[in-house]
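All remarks here apply to the structure that follows.
The values are calculated or read from the model by the stated rules, or taken from the named source; none is laboratory data. The structure presented is a predicted model; accordingly, all values stated were derived computationally and were not measured. Because the Cβ atoms are built from the backbone with ideal geometry, glycine has one as well, and the counts that use them run over all protein chains shown.
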Amino acid sequence: MFEAEVDGLAALRATQTVRVPEVFGTGITENGTAWIELEYLELAPLSPRAGARLGEQLAALHRCSGQEAEARFGWPRDNFIGSTPQSNRSHASWPSFFAAERLRPQLALAQANGLPRATLSLGERLVEGVGAFFLDYRPQPCLLHGDLWAGNAGELPDGTAVIFDPAVYRGDREADLAMAELFGGFPEAFYAAYRAAWPLDPGFEVRKTLYNLYHILNHFNMFGASYLGQARRMIERLVAELRG
């Protein structure tokens, strides 16, 4: 897990778009405890000014799609979303990647964790129909933070915005924006600045629910039934969009 974090931070740092912590080392103690040593940063919640700057920087980060040979959806290594393993197997198609490497694994875990059969069936129907959300939208493979909630961002005393604890991969940039809205905590200036730098495409409000379903299913799998109702409502809403 720590090695994957080092890889993600290095990828973000290499874009020279946004501040991330320096990594000083990782290892395993004699008793088998893994460790990572990171730069200490005195962080505060994002102010509107730092939030706006981060919005601009995130748009610049998302424009970093790498070399042509790398411009597929996925990442050279797997990593983690929270404590859950996250598969980043490469795909040429974004709907194929999101269905196979994001929704299917979470639904399989959810089935093992007691997701009701009716909800599971709807989820499987949704996975089969994911391509319908992309008939008029062709996202490019952008470098994503991958776990962009307010707890993974902050501001230094000089006003510099910082992001950390990534789960990087190349995917639709909207997936980062969707998660940033899921739990709130970012100043409105963050969203406004991002949209000014790179406007979002029509249909984002529907795709946002699709992308955030991944995180809500993951929360159900990590933390239990308190997320079941939200997951069920999201699946029902998305399946209704398919029928429509």
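For the condition surrounded by fewer than 15 Cβ atoms within 10 Å (Cβ to Cβ), farther than 17 Å from ASP176 by Cα, touching a Leu at 6+ places or on another chain (Cβ under 8 Å) and touching a residue at least 40 places away in the same chain (Cβ under 8 Å), what is the one hit in GLU22, GLU42? Lay out the reasoning, then the answer.
Numbers: GLU22 fails: touching a residue at least 40 places away in the same chain (Cβ under 8 Å).
It is GLU42.
Does the stretch 112-120 include one or more residues that are surrounded by 15 or more Cβ atoms within 10 Å (Cβ to Cβ), among the polar types (S, T, N, Q) and either free of Cβ contacts under 8 Å to residues at least 40 places away in the same chain or farther than 19 Å from MET234 by Cα (or both)? Among the residues of the stretch 112-120, not one is surrounded by 15 or more Cβ atoms within 10 Å (Cβ to Cβ), among the polar types (S, T, N, Q) and either free of Cβ contacts under 8 Å to residues at least 40 places away in the same chain or farther than 19 Å from MET234 by Cα (or both), which makes the answer no.
Could you tell me which of the residues VAL162, VAL127 is without any contact (Cβ under 8 Å) to a residue 60 or more places away in the chain and touching a Lys or Arg at 6+ places or on another chain (Cβ under 8 Å)? First the steps, then the outcome.
Details: VAL162 fails: without any contact (Cβ under 8 Å) to a residue 60 or more places away in the chain.
Of the residues listed, the single one that is without any contact (Cβ under 8 Å) to a residue 60 or more places away in the chain and touching a Lys or Arg at 6+ places or on another chain (Cβ under 8 Å) is VAL127.
The combined condition, being surrounded by 20 or more Cβ atoms within 10 Å (Cβ to Cβ), closer than 26 Å to ALA161 by Cα and of a type in the set (Lys, Arg), is fulfilled by ARG53.
Number of residues in the stretch 117-137 that are within 22 Å of MET179 (Cβ to Cβ) and at pLDDT below 95: the value is 0. Of the strands (runs of 3 or more DSSP E) that lie entirely inside the stretch 114-218, those containing 1 or more residues that are small (Gly, Ala, Ser) span 153-155, 161-163, 169-171. As an exercise: evaluate GLY184 against (1) free of Cβ contacts under 8 Å to residues at least 40 places away in the same chain; (2) touching a Gly at 6+ places or on another chain (Cβ under 9 Å) and give the number of the one condition it does not meet. Looking at each condition in turn, GLY184 falls short on (2). Within the set of pairs 6+ apart or on separate chains, which have a first residue in the stretch 136-156 that is touching a residue at least 24 places away in the same chain (Cβ under 8 Å), a second that is of a type in the set (Val, Ile, Thr) and not in a strand (DSSP E or B), and C-beta atoms under 7 Å apart? What qualifies is LEU143/THR15; LEU143/VAL168; LEU144/VAL168; HIS145/VAL168; GLY146/VAL168. Scan the stretch 162-170 and give yes if some residue there is at pLDDT 95 or above and within 13 Å of GLY55 (Cα to Cα), otherwise no. Checked the stretch 162-170: at least one residue is at pLDDT 95 or above and within 13 Å of GLY55 (Cα to Cα). Any residue at all in the stretch 186-204 that is farther than 19 Å from ALA59 by Cβ and either in contact with a helix residue (DSSP H, G or I) (Cβ under 6 Å, 6 or more places away or on another chain) or surrounded by 18 or more Cβ atoms within 10 Å (Cβ to Cβ) (or both)? No, because not a single residue in the stretch 186-204 is farther than 19 Å from ALA59 by Cβ and either in contact with a helix residue (DSSP H, G or I) (Cβ under 6 Å, 6 or more places away or on another chain) or surrounded by 18 or more Cβ atoms within 10 Å (Cβ to Cβ) (or both).
Checking the structure you have, find out if any residue of the stretch 96-110 is closer than 26 Å to ARG13 by Cα, within 13 Å of the chain's Cα centre (by Cα) and touching a residue at least 40 places away in the same chain (Cβ under 8 Å).
First pass over the stretch 96-110, keeping only residues closer than 26 Å to ARG13 by Cα: 97-98, 101-102.
So of that shortlist, the ones also within 13 Å of the chain's Cα centre (by Cα) come out as 98, 101-102.
Cutting the leftovers down to touching a residue at least 40 places away in the same chain (Cβ under 8 Å) gives us 98, 102.
Looking through the stretch 96-110, at least one residue is closer than 26 Å to ARG13 by Cα, within 13 Å of the chain's Cα centre (by Cα) and touching a residue at least 40 places away in the same chain (Cβ under 8 Å).
Among the strands (runs of 3 or more DSSP E) confined wholly to the stretch 1-109, which include 2 or more residues that are closer than 23 Å to ILE216 by Cβ, modelled with pLDDT of 95 or more and touching a helix residue (DSSP H, G or I) at 6+ places or on another chain (Cβ under 7 Å)?
Values: elements: 23-28, 34-38, 79-81, 84-86.
Because the criterion is at least 2 residues that are closer than 23 Å to ILE216 by Cβ, modelled with pLDDT of 95 or more and touching a helix residue (DSSP H, G or I) at 6+ places or on another chain (Cβ under 7 Å), the strands (runs of 3 or more DSSP E) in the stretch 1-109 that meet it are 79-81.
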